[in-house]
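The values are calculated or read from the model by the stated rules, or taken from the named source; none is laboratory data. Predicted model, so just to flag it, every value in this text is computed and none were measured. Here the Cβ positions follow ideal geometry from the backbone for every residue, glycine too, while neighbour counts run over all protein chains shown.
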Amino acid sequence: MTEALQVPTHLTVENADFSKALGFIDGAVVPLAEAKISVRDLGLMYADMTYDVVHTWKGGFFRLEDHLDRFFASMQGLRLDAGMDRAAMRAVLMDLVRRSGLPDTLVYFACTRGLAVPGSRDPTLSRNNFFATVTPLVLRGQPEEMARGKDAMLVRDIRRIPGSAVNPVWKNSHWGDFIRATFAAKDAGFDTPILLATDGLVAEAPGFNIVAVIDGGLVSPDSGVLEGISCRTMFEIAAELGIPARYGALTPEALLGAEEAFLTATSCGLFPVTRIDGTPIGAGVPGPITTRLLNTYYRKKNAGWHITPVTATDED
């Protein structure tokens, strides 16, 4: 009997209590509607910032330390300083979630360049700005959407920003290529774009890494992309299930000829891709490997895998 996708049904917009959403800004926790930054912040004006997104599951952070690793590496690469060390930041995020009372959340945290010194464009003079928000977790892929899968478009004329200009390993807000490609895909009747790198190899989708199932194993691009934590998660699960997995070059032709394909992201774990450019991938439905990975992902999270419980702060 074929295994069916097991996707939680309760994490919907209708069930989400956004009245509990909070923000951390200028050292204080406030209702989300009161969390504001200046319209003159260089993060807003020039996308001079980094951010990360981690989720909580049944009252615990999933892979919090991995997200903090990436965030601090991104800050170092972009010459940003949140004004606190890792332990202090962990405590801020823990406190934010605890105060919200929400068990399943998305926690967005960012460091921007801050305000420019009047009369200067020197970024070294700005005081950087850290903020964070917590909102209810709404799965990006609801059960009916996951069962259908995405119909993606390989966008060939809008290439991913080269790493020599913006290092994709540092999570950033330079989404001009992603937004243009999304409009192109939507205009053509597709769900999402998949972008190519400047060398013509498959790169990534907006907010997603791409994984292809080829010869029974997983392949995900190894350069020109964000080092996705959700992709790493699926590779770890694949190893446990005895499924080969590797990072490497992925050509458009190989992706189009794949047995299965899926996208990975914090907000969904993975999202099946069942058609590309209107052509079915495999049987045109979520495949058996995709299904096993997602179902195992939820089983392991429910059992506490990679979960760090939300704890009280020293101030309590």
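Residues in region 208-226 that are surrounded by 19 or more Cβ atoms within 10 Å (Cβ to Cβ) and either within 16 Å of the chain's Cα centre (by Cα) or assigned to a loop (DSSP other than H, G, I, E, B) (or both): Phe208, Asn209, Ile210, Val211, Ser220, Pro221, Gly224, Val225, Leu226.
Selection of region 96-126 for residues being touching a helix residue (DSSP H, G or I) at 6+ places or on another chain (Cβ under 7 Å) and aromatic (Phe, Trp, Tyr) yields only Phe109. Determine whether region 56-73 contains at least one residue that is touching a strand residue (DSSP E or B) at 6+ places or on another chain (Cβ under 9 Å), surrounded by 16 or more Cβ atoms within 10 Å (Cβ to Cβ) and free of Cβ contacts under 8 Å to residues at least 40 places away in the same chain. Within region 56-73, one or more residues are touching a strand residue (DSSP E or B) at 6+ places or on another chain (Cβ under 9 Å), surrounded by 16 or more Cβ atoms within 10 Å (Cβ to Cβ) and free of Cβ contacts under 8 Å to residues at least 40 places away in the same chain.
One line per residue, one yes/no per condition, for (1) loosely packed, with under 11 Cβ neighbours inside 10 Å; (2) assigned to a loop (DSSP other than H, G, I, E, B); (3) touching a Ser or Thr at 6+ places or on another chain (Cβ under 9 Å):
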{"position": "Val7", "(1), (2), (3)": "no, yes, no"}
{"position": "His10", "(1), (2), (3)": "yes, yes, no"}
{"position": "Phe24", "(1), (2), (3)": "no, no, yes"}
{"position": "Leu44", "(1), (2), (3)": "no, no, yes"}
{"position": "Thr50", "(1), (2), (3)": "no, no, yes"}
{"position": "Val53", "(1), (2), (3)": "no, no, yes"}
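Answer yes or no: is there a residue in region 28-45 that is modelled with pLDDT under 95 and of a type in the set (Gly, Ala, Ser). No. If you go through region 147-164 and pick out every residue that is charged (D, E, K, R) and assigned to a loop (DSSP other than H, G, I, E, B), you end up with 4.
For region 108-137, a residue qualifies if it is part of a loop (DSSP other than H, G, I, E, B) and of a type in the set (A, V, I, L, M), and the qualifying residues are Ala116, Val117, Leu137.
Residue selection: Tyr51 fails the criterion of being hydroxyl-bearing (Ser, Thr, Tyr) and over 16 Å from the mean Cα position of the chain (by Cα). Going residue by residue through region 249-267, is there one that turns out to be closer than 23 Å to Met94 by Cα and surrounded by fewer than 20 Cβ atoms within 10 Å (Cβ to Cβ)? Yes: one or more hits. Among the residues of region 210-231, write down those that are in contact (Cβ under 8 Å) with a residue 40 or more places away in the chain and closer than 15 Å to Leu294 by Cβ. Hits for region 210-231 are Val211, Val213, Leu218, Ser230. Here Ala82 fits the description: part of a loop (DSSP other than H, G, I, E, B), crowded, with 16+ Cβ neighbours inside 10 Å and modelled with pLDDT of 95 or more. Only one residue in Val7, Val13, Val30, Val54 is within 26 Å of Pro286 (Cα to Cα) and touching a Gly at 6+ places or on another chain (Cβ under 9 Å), so which one is that? Result of the check over Val7, Val13, Val30, Val54: Val7. Selection within region 26-42: residues that are in a strand (DSSP E or B) and of a type outside the set (Val, Ile, Thr). The member of this set that is surrounded by the fewest Cβ atoms within 10 Å (Cβ to Cβ) is Ala28. Listed by first and then second residue, the pairs linking a residue in region 173-186 that is more than 23 Å from Leu42 (Cβ to Cβ) to a residue that is modelled with pLDDT under 95 and outside any helix (DSSP H, G or I), with Cβ atoms under 8 Å apart and 6 or more places separating them unless they lie on different chains, form an empty list. For region 71-106, the tally of residues that are farther than 22 Å from Gly304 by Cα and charged (D, E, K, R) stands at 4. Is there a residue being within 30 Å of Tyr298 (Cβ to Cβ), in contact with a strand residue (DSSP E or B) (Cβ under 8 Å, 6 or more places away or on another chain), in the same structural domain as Thr251 (by TED's automatic domain parsing) and surrounded by fewer than 20 Cβ atoms within 10 Å (Cβ to Cβ) anywhere in region 108-126? No, region 108-126 contains no residue that is within 30 Å of Tyr298 (Cβ to Cβ), in contact with a strand residue (DSSP E or B) (Cβ under 8 Å, 6 or more places away or on another chain), in the same structural domain as Thr251 (by TED's automatic domain parsing) and surrounded by fewer than 20 Cβ atoms within 10 Å (Cβ to Cβ). Under the condition of being of a type outside the set (Asp, Glu) and more than 24 Å from Ser230 (Cβ to Cβ), the residues counted in region 44-97 number 9.
Please go through (1) touching an Asp or Glu at 6+ places or on another chain (Cβ under 9 Å); (2) at positive phi for Ser173 and return the number of the only condition it doesn't satisfy. Of everything listed in (1) touching an Asp or Glu at 6+ places or on another chain (Cβ under 9 Å); (2) at positive phi, Ser173 misses just condition (2).
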